[in-house]
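Worksheet: one structure, shown below.
Read the figures in this text as sums done on the coordinates, not as results from a lab. Note that this is a predicted model, so its numbers are computed, not measured. Positions of Cβ are generated from backbone atoms using ideal geometry, with glycine treated the same way; all protein chains shown enter the neighbour counts.
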Amino acid sequence: MMWDFFHTFGFHKLFRNWKMKKLFKKQIRGFLSSIVPFSDKDWALFDKRLAYKEYEKNELLLRAGETENFIYFLVDGVTRIFQLKNDMEYTLRFNFPITPFNSYASFISRTPSLINVEALTDIKVLRMSYNDMQSLYDEADGADRMGRRMIELLYVQREIKELQMHSKTAEDYYYELVKTNKQLVDQIPQKYLASYLGITPESLSRIKKKSRN
């Protein structure tokens, strides 16, 4: 009877969602702790500013020309960051769990973004607004260091990717992506993956065919 009561009012779903969000936040804390140590007090201040949100496949989280108001922590799914030039889309990077992402330059400088952010699959994120992050800097002793290290990490990752793209072949880089994120890479449309690798979809097909042989 008690189970029927909880089922009728949807409490079992609420409890499941609560457990899921708690797990996601634990994963985010583990990620951040690997970047810079911080106290339980600072985490509590950080945690209360994180908001859980879901986006549907192909939904745009940010359009070029808009100002980025959030930093996102991806906990499920894949996102794509791309730029539109002369009616052509150029994929700049993909984001996989557990990573932070946004239009960093727009977020920091409060200027219109030059990039677009798209959900390639249904995604789940934890996000924090720009205003909440600024208030966090004022309240938490280690927040400024944490924020600075996060931005540094994001720029280091971008530079490493750019160096790899110039020092490795598209085939090598494709194999690396598959090795680390095969299940998620398989969900990326071929045209976007080819654009990211700087090759044509036909060339990517040949690479995929070769990898299966």
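Observations, loosely collected:
- Looking at Ser129, Ser109, just one residue is in contact with a strand residue (DSSP E or B) (Cβ under 6 Å, 6 or more places away or on another chain), surrounded by fewer than 16 Cβ atoms within 10 Å (Cβ to Cβ) and more than 27 Å from Lys191 (Cβ to Cβ), and that residue is Ser129.
- Scope the range 83-96; condition surrounded by fewer than 20 Cβ atoms within 10 Å (Cβ to Cβ) and in contact (Cβ under 8 Å) with a residue 40 or more places away in the chain; matching residues: Glu89, Tyr90, Leu92, Arg93, Phe96
- Every residue from the range 55-82 that is surrounded by 20 or more Cβ atoms within 10 Å (Cβ to Cβ) and among the acidic types (Asp, Glu): Glu68
- The range 180-204: number of residues that are loosely packed, with under 13 Cβ neighbours inside 10 Å and closer than 25 Å to Ser33 by Cα: 1
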